[in-house]
1. Taking the Cα-to-Cβ direction at Glu83 and at Thr67 and moving 7 Å from each Cα, how far apart do the two end points lie in nm?
2. Could you check the spin-label model distance between Ser32 and Ala90? Points 7 Å from the Cα along Cα→Cβ, value in nm.
3. Arrange the following residues from fewest to most other Cβ atoms within 10 Å of their Cβ: Glu51, Glu28.
Amino acid sequence: MLASITRFSATSMSSFVLYSTLGCHLCELAESLLKQSTLSDWRLVDISDSEALVELYGVRIPVLKNTANEKELGWPFDLADLEKWLATSA
């Protein structure tokens, strides 16, 4: 369960962002999958902190984004889907 979502500045160095919000059970599942995956460099971003992010992702979260190339993986996904996407989105 997401106890809290760490808020990072725009200068954070992680290339992968999981767009999420507190109380989102699907986001909690996605976070759990990320913790099981081979990806170690990712961060959570709470969309409720930005009107623009709510507009983009409000009905789509959780969404994992590779900020280096703008590719996104939208829910639903399982661990196999996540690993396959990571291998092709780098």
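Values in this text are rule-based calculations from the coordinates and carry no lab data. Bear in mind that the values here come from a model prediction, so they are computed numbers and not experimental data. Here Cβ is always computed from backbone atoms with ideal geometry, including for glycine, and neighbour counts include all displayed protein chains.
1. Calculated label separation equals 2.7 nm.
2. 2.6 nm
3. If I rank by nearby Cβ atoms, fewest first, I get Glu51, Glu28.
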